[in-house]
Amino acid sequence: MTIGVAQPALSLIPLGASLRPALFSTALLVFAFGIRGFGSVTARRPLGTIALTLLAAWLLLGSVLQDIIASSFSNDSLPAGLMAFGYVDSYVKFALALVAVVQIARAGVVPARWKWVPAGVVGVASVSWLLIEIVSVGNTEGFGLGTVALLSVDALARVGGTVLLGVLAIVLADRLRNGS
């Protein structure tokens, strides 16, 4: 499972591929620590804050390692090292995201009716990733129409989930600031 946003347009600008994980990691750090000591969604409790910080670091490190591993095996169609890294990467991201969303819900900073939204976003991203993995097992023919449809739904779920979390954070912060 990949936590993050796929944005093909960023690959058209210089350093665009590095920009996406850097921006997403920065957003995770803002959620973890807040700004000027205020706004941490984990109330700066150690477990949630560490999980978000490690996830931010792993996203940056993972993007660099993926490029290094992919370039070192450029002659193979799908090198085992890259495939193994992909699975480890997915499981580490999932574990860190799961710890983070549970800690966000438990911290009590986010209003009660919204505190499980991050867990829902991680759940939707996980289910879409799992469906793609199930469909692609043993598929050596390339992308079929079903796989393309699943990839489109997966991209929509990731972009929609990220936008939902960002908009929700802005709206809730504004409501808190205005005292409503």
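Computed from the coordinates by the stated procedures, all read-outs in this text should not be read as laboratory data. All values reported here derive from a predicted model rather than from experimental measurement. Cβ: placed from backbone, ideal geometry, glycine included. Neighbour counts: every protein chain shown.
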FRET efficiency for V135 and I35, using Cβ-Cβ distance with R0 set to 45 Å, rounded to 0.05: 0.60
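Taking 0.36 nm per residue of separation and subtracting the Cα-Cα distance, what length does fully extending L151 through A27 add?
42.2 nm
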Full-stretch length increase - R44, L98 - with 0.36 nm per residue and alpha-carbon distance subtracted: 17.8 nm
Label-to-label distance, nm, for residues given as L19 and A119 (7 Å Cα→Cβ offset): 3.6
